[in-house]
Structure formats: structure tokens, C-alpha cells
Amino acid sequence: MKSFPLFVFLAVGLALADSAEMWEFPDGRTVMPIPSARVRMVAETVLITPSAQPSSPDDKPWDLMDVRCVFILENITKEPLEITVGFPFESEFGDFYRTIEDEEILEMVKEEWNPGEEVEPPESLRFRAEVNGETIPVEFKKGAANPQEKLLYWPIIATWKMRFAPGERVRLVNAYTTGWDGIGSYRGIVDSITYITRSGALWAGDIGSAVISITVPEALPLPCFSDTLCAAWDFPGLPEIRGRTLTWTYQDWEPSEDISLRIWYYNPEDALLEAYIFGEPDSLISRLDWRRDALYSSFLDVLSQADAILIPPQVSLRVLRNLPFAARGHQFSDPFLSEIFPDGDRKVSLGDLSPQDRKRVDLARSLEEELALARRVSDSLGYTPFLPMFALKTSWSKGDLALFHGDPESESKYLFLLENLGAAVAGKSFKDRGLDAFFRLTGWYIPGKASAYGKLIKSIPAREVNEYRRGL
């Protein structure tokens, strides 16, 4: 598997303490320190936006994100307080790091890493803290690593002191620079960014109000499922989405999960090239079942056996239509087809093909026409905007039921599709023309058969979707 460099990306929530002892997240990551029960977070506003300036000549502007956090904190006691506040980061923040499996090297690094010691932060962090408009000094200390994470980096914690008069409310501002965590392989690229909110559950009471906003840079794709790019966004909760900005809004909030945005995307052409199934077109033709109801299904089986990721159906059918020409050595002028079939050295016309191969071309063309009709039906019913999600998302949960709550028109269409997702995964044939058209566009749906890709999808039971709809 090919790996791309990874940016350490952790944007984090605020922790606070009455002592210097350490506390841990449930997954074992030590943050800082035992939280105080004497200060409440009244409000939190977090804006995560593309950085205006790269931190080094090697950075692209969209690689980095500026984070600005505004917290309103209240001393709920009648006593003056002095507390330690902490923000956890990673020791190689802004630099590259890599996964490492060598236990001996990990143990050597651990021996040299003493939690609690002071450490210099990387310049790219640019972390600062302001209390009531006044910049205050910040120290950085080493934190304890999660032993379950076999990664060659270790956490650091920004800490500072804060004083509160009895019952006082204080405005705290933190700002820093973070980055997208990007990892890639032949199965696509995943860029992600996370803002940790679970630490907010450890303040006194709940968080009165919170607004967390992430703006996706122009260089990262919007959700789409086409012959040139396939992309999906994955995120928790119910953010409002306007263009490239996602905004989560909470009231009386006790956070139980972090805000993490994942953007997965790939180029279908690259995915097909990685499948290595086109070297001998004649061999591929012989492996396919050239009956109308079986051709596309057999091609998906071949792709699955080659461990290829899901390809949009219009791309698959275009390849199938040109496969007989490639088998005769046709030299394609189209850049996409010439990449898939690079060995052609002559011009082959339809008349040069055998009668059997001409029937194969006609079959693939008629399936393309059916798919184009399905697209028109899906467009007319307003289903197509949901296509990237239903085509690429494999793990569904109850939390996904409310994704479009607050938008009655979209919610009704979405829940109707979601209610029938399990049946589509099982290969059920739909009498409803709209359902049949929409699921054919996903690329994994085959009427009358459960495809290898469909079997990867964990859908929400239809009865649970029905129960949710009845409760609206």
C-alpha cells in the first residue's frame, strides 16, 4: 500500500484543573489534569478556517487551518480561584510523522519521554492565550502517550494559570494553527480534521451554549460521484451546511464525541488502473457474462476480485463498450481510454469487429442509455443530491437518521431512500421506478443479486427508519 505523508492535525478542547495531577480520556490518552468542579463553561465558540498564510515554503495555503476559540468561563463559587488550564497537542505538530510497528524503537522513545517535563513547541503551532483581552504566558509540558497508538509522536500540553474573583465570568481566547491529516492509498485519499470536545464534559455542569464551525478549503472536493472524481464527507451530529462551511450548534451540552470531519475522495481512472485487469482484453472478455441481466454484475465481480474500489456505473459501462475494440488493438485518442488500454497500435472501426463483438458493443451502449434514463428519473425526483452518500458510505448508524432534520423536503426523500437501503443491499428488485433508478446510479446495486460491494454496507434496519419517521 502506498502511503502519503501525514499532517498531525489534532485541534483540541479545553481542560482545566485544581492540581497538577493527570487525567485520561476513556481511550487511554492522557491529557491534563484532573478537571475542576468549580468553574463552568458558559459558552464556547470555535472557528476553524483555511489559513491565510503557509507556515513554511513547503506548505500549501490549504494544508493549514487557523483555529480561534472563545470561551466564557464562570467561577461558580463564592471564593477566589487560581486554576491551571491545559490544551493538548502532539509533539510533532505541523511536521510529518509515520506509523511504526517496531516495539523496540517505541520503547526507546518512551524511555526518553518524561511526562510533565517542559518542552519547546514547534513554531508552526503559533499557540496563544488571552484572558479578558490580555495575552498571558503559556508553558508547554510533555504528556503521556496512548500505548495503543503505535505512532512515532507524543503529546504535549499548553498550560497557563487563570485567576477568578468570586462569581466572576472570564473571556478566554485561544488561537493556533493546525493542519489536515491526510492518508492515501490505491483506495483513495482521506483528509480529516478533528476538534476534541469530550474534555468539555468535565467542567462543572453542562456547557451553556456552543458553536463549532469548520470551513473546508477550496482545494478539497465537495461531495460528488462522477466519472472524474468520487468524494464523500463524513461527520457526526447535525451541522448546518452552507457551501463549504459546517456549523454545529448546541445548548446545555454535555459532549460525548469529538467533532471530526473526514473527506474521502479518489479518481475512478486511477482506481481502474490499480485494478490491473485490462492487460489482456481478450481474457477479460472471456471472464464476463455477456447477457443483459448479467454483464454489469459480472464486471463488478471481476473488479471486486481485483480488490478495486467502487467505480461509478457510467465509467464501468463505458469501459465495457470499448473493450471489444481494445481486444482488436485499437489505439484510443481519448486520454482516459488510452490510459486503461495503452497497447493499441491501429484504428479499429465497428465494422472491423466480429458479429459477436458488435452485439457486445450494442449491449453495453443500451445499458448506458438505461443508466442515462435512470439519472433523468433520479434528477426529476430530487434524489440525485443524496447519491455520493448512498454510493460511498458503508457504515450507517442510528445517528444518521436525523441528518436532514429541519429540512422537511430533503428529510422526506432521504428517509425514503434510507428505509429501502437494506433491500437494495440485498439485491431486491424495486417496483418503484424512482428507487430502481436511484440505486442503479450507486454502482453497487444489482437487481436480483447482492453484489460484493453491497455486502460491505451496514444499513439501518427499515423498521428503525419507519419508527423514526412515525415519531416526526
(Q) Quick check on my link table: of 398/428; 142/393; 347/393; 359/449, which ones sit more than 32 Å apart, alpha carbon to alpha carbon? (A) 142/393; 347/393
Q.
What distance in nm lies between label points placed 7 Å from Cα along the C-beta direction at residue 168 and residue 354?
A. 8.9
**Q.** Relative contact order (%) - the stretch 269-374, alpha-carbon pairs under 8 angstrom, separation at least six
**A.** 29
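Based on the alpha-carbon gyration tensor of the stretch 269-374 and its eigenvalue square roots a ≥ b ≥ c, which shape applies: rounded if a/c is under 1.5, prolate if not and a/b is larger than b/c, or oblate?
It comes out rounded by the Cα gyration axes.
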Q: For the stretch 400-409, take each phi angle, set θ = phi - 60°, evaluate the Karplus expression 6.51 cos²θ - 1.76 cosθ + 1.60, and give the result in whole Hz per residue in order, putting x for glycine and proline.
A: 6, 4, 9, 4, 10, 5, x, 10, x, 5
Q) If you stretched the chain out fully between residue 338 and residue 305, how much longer would it get, using 0.36 nm times the residue separation minus the C-alpha to C-alpha distance? A) 9.5 nm
Q.
Full-extension gain between residue 458 and residue 423, please, as 0.36 nm times their residue separation minus the C-alpha to C-alpha distance.
A. 11.4 nm
Q. Residue 183 to residue 120: extension gain in nm, 0.36 nm per residue of separation minus the Cα-Cα distance?
A. 20.0 nm
Q.
In whole Hz and in residue order, list the ³J(HN,Hα) couplings for the stretch 223-229 that follow from phi through the Karplus curve 6.51 cos²θ - 1.76 cosθ + 1.60, θ = phi - 60°; x for Gly and Pro.
A. x, 7, 8, 9, 7, 10, 7
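When each pair of different Cα atoms in the stretch 382-471 is counted once in the 1/r mean, what is the Kirkwood radius in angstroms, to one decimal?
13.1
Laboratory data are not the source of any read-out in this text; all were calculated from the coordinates shown. Because the structure is a prediction, the values reported are computed rather than measured. All Cβ positions, even for glycine, are placed from backbone atoms using ideal geometry, and neighbour counts span all protein chains on display.
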